[in-house]
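J.: Okay, here's the structure, questions in a sec.
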Number of protein chains: 2
Amino acid sequence: MSIKPLILVAEDEDALSTLLEYNLVNEGYRVAIARDGEDALVLAREETPDLVLVDWMMPSVSGIEVTRQLRARHETANVPIIMLTARGEEADRIRGLDTGADDYIVKPFSMTELFARIRAVMRRIRPALADDVLEAGDVSIDRVGHRVSRQGVDIHLGPTEFRLLDYLMQHPGRVFSREQLLDAVWGADVYVEVRTVDVHVGRLRKALKIDARPDPIRTVRSAGYSFDTDRR
Amino acid sequence: MSIKPLILVAEDEDALSTLLEYNLVNEGYRVAIARDGEDALVLAREETPDLVLVDWMMPSVSGIEVTRQLRARHETANVPIIMLTARGEEADRIRGLDTGADDYIVKPFSMTELFARIRAVMRRIRPALADDVLEAGDVSIDRVGHRVSRQGVDIHLGPTEFRLLDYLMQHPGRVFSREQLLDAVWGADVYVEVRTVDVHVGRLRKALKIDARPDPIRTVRSAGYSFDTDRR
DNA sequence: AAAATCCGTCACAAAACTGTCGCGCACCGT
DNA sequence: ACGGTGCGCGACAGTTTTGTGACGGATTTT
């Protein structure tokens, strides 16, 4: 997750979404604007937002439906969602909360109150999310669920390969010598041949291979290995 | 953690606290009642509650102060807090949220709305704990009726297998070590062999087997087990 | 009190993973 | 172009981890 949290706003009224964008950006957030529910789902897929503001009433795909779909997808299952609703009727609010929204706010609302709610909701979710899943390029590693996936495809790794990838992804772009990797991944007290690292890197590479995607692990001759997302 | 969540209610009006106790118990929660803020802190220390309902206005120690102190203590730092407030004024609500409360509800409120908020707030912490019946994939577990079924077919489980499945389904996708499972399902003080977990997982799997349906329990070598609904 | 369940442990088999070796190719400096 | 060093990779045998049937004792039900 980058420094500035990304907020996805799904709102069909131009006046309101512009106002929201202006104020949220001013508050230090990055903002993605969606005009309707479908848009919102597409945008959420491009970059997983850190929080979603979704209007209850929207053409085509309603706020509730958006919520449900976001919850269904693995990447966005735990993203906090705040529902914007014009009606103050209790039944609707409850339905919103039960569908999986984390909070709702009734229009019209003040920016101050919205900010407070955003802070409250994010404080709750973010710490858990921040450490748990690590992404770089198209590879994501979930340490709590012990899952690795590339472009959404699940990848099976043995324990050692998992720890190795985990360690490399902690410091993308940085080159580690085989000795450093042995210390970090195997443990300082374990004695194994240095070349063992090569073998595991090889296995890791093979496992990460998805059609023609570039190899995310870079060999630096006579230095070591590093996890790189793009450059060459 | 036991099956029924413990809710700590800090409220000085007798009429309301009695009403809350009655309804919450009726809804399947365990309830601890505190007459004032000090009481609340003492009770929270005795057994860490799963959620706290605290009145904004209370003699001696105010709701805000209770919130602050709960957040300060390690055991209760992440317990969700819902603030009960008589005033509808925005400034106060914001202050409440910023202090660390996760939500607030304005008096007078209906029990239905309160329950929805409790479920919503608890879902953030432990995604499914709030519900009486829990479903993931084609498996459903009814913690009130102690019933488990898969694809509509009733399944009989022993008490330990039931608690094990219950715990795993609380946190779908998350991997637990055998030690963690022993703590959570058997109890921290019970001494049994670690491999006992394997045996019960095995029994659970056998019980859950319905023709060719995929095994919902995933083994993560040298890490533990997790309940998974989808991928393999 | 007898019967039926349920529980924890063990031992053994199956499965998964690991470390090492050796060979051949790639790359580098000369 | 050439020798040398570094690296990728398939093979393999040993080790660790997990699945599971069996069993005696405890607990609950009938």
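The values are calculated or read from the model by the stated rules, or taken from the named source; none is laboratory data. As the structure is a prediction and not an experimental result, all values here were calculated from the model. Cβ: placed from backbone, ideal geometry, glycine included. Neighbour counts: every protein chain shown. Areas reflect the complete protein model, heavy atoms only, side chains present, ligands, DNA and RNA absent. Shrake-Rupley method; radii C 1.70, N 1.55, O 1.52, S 1.80 Å.
J.: Any chance the stretch B:5-14 includes a residue that's within 25 Å of B:R163 (Cβ to Cβ), open to solvent by 80 Å² or more (accessible area, probe 1.4 Å) and not assigned by TED's automatic domain parsing to the domain that holds B:D166?
T.: no
J.: Determine if the stretch A:163-181 includes at least one residue that is open to solvent by less than 70 Å² (accessible area, probe 1.4 Å), within 12 Å of DNA strand C (Cβ to nearest atom) and hydroxyl-bearing (S, T, Y).
T.: Within the stretch A:163-181, not a single residue is open to solvent by less than 70 Å² (accessible area, probe 1.4 Å), within 12 Å of DNA strand C (Cβ to nearest atom) and hydroxyl-bearing (S, T, Y).
J.: List the pairs whose first member sits in the stretch B:208-225 and is facing another protein chain (nearest Cβ under 9 Å) and near DNA strand D (Cβ under 9 Å from one of its atoms), whose second member is assigned to a loop (DSSP other than H, G, I, E, B) and open to solvent by 70 Å² or more (accessible area, probe 1.4 Å), and whose Cβ atoms are under 9 Å apart, counting only residues at least 6 apart or on separate chains?
T.: B:R218/B:R232
J.: Just for the stretch B:20-31: of the residues that are more than 15 Å from the chain's Cα centre (by Cα) and touching a residue at least 24 places away in the same chain (Cβ under 8 Å), which one is surrounded by the most Cβ atoms within 10 Å (Cβ to Cβ)?
T.: So in the stretch B:20-31, the residues more than 15 Å from the chain's Cα centre (by Cα) come out as B:20-23, B:26.
In the following step, the residues that additionally are touching a residue at least 24 places away in the same chain (Cβ under 8 Å) were identified as B:20, B:23.
Values: B:L20: 20, B:N23: 15.
The extreme case among them is B:L20.
J.: May I pose another question? Go through the stretch B:25-46 and give me each residue that's modelled with pLDDT of 85 or more, aliphatic (A, V, I, L, M) and either outside the structural domain of B:E65 (by TED's automatic domain parsing) or in a helix (DSSP H, G or I) (or both).
T.: B:A40, B:L41, B:V42, B:L43, B:A44
J.: Does B:P80 satisfy the condition of being at pLDDT 75 or above, open to solvent by less than 10 Å² (accessible area, probe 1.4 Å) and farther than 19 Å from A:R117 by Cα?
T.: Numbers: at pLDDT 75 or above: yes; open to solvent by less than 10 Å² (accessible area, probe 1.4 Å): yes; farther than 19 Å from A:R117 by Cα: no.
No.
J.: Sticking with this structure for a sec: If you take the residues of the stretch B:208-232 that are within 9 Å of DNA strand C (Cβ to nearest atom) and open to solvent by 30 Å² or more (accessible area, probe 1.4 Å), which of them is farthest from A:T160 (Cα to Cα)?
T.: Going through the qualifying residues, I end up with B:T219.
J.: Could you list all residues from the stretch A:144-160 that are crowded, with 17+ Cβ neighbours inside 10 Å, within 11 Å of chain B (Cβ to nearest Cβ) and charged (D, E, K, R)?
T.: Of everything in the stretch A:144-160, just one residue is crowded, with 17+ Cβ neighbours inside 10 Å, within 11 Å of chain B (Cβ to nearest Cβ) and charged (D, E, K, R), namely A:R147.
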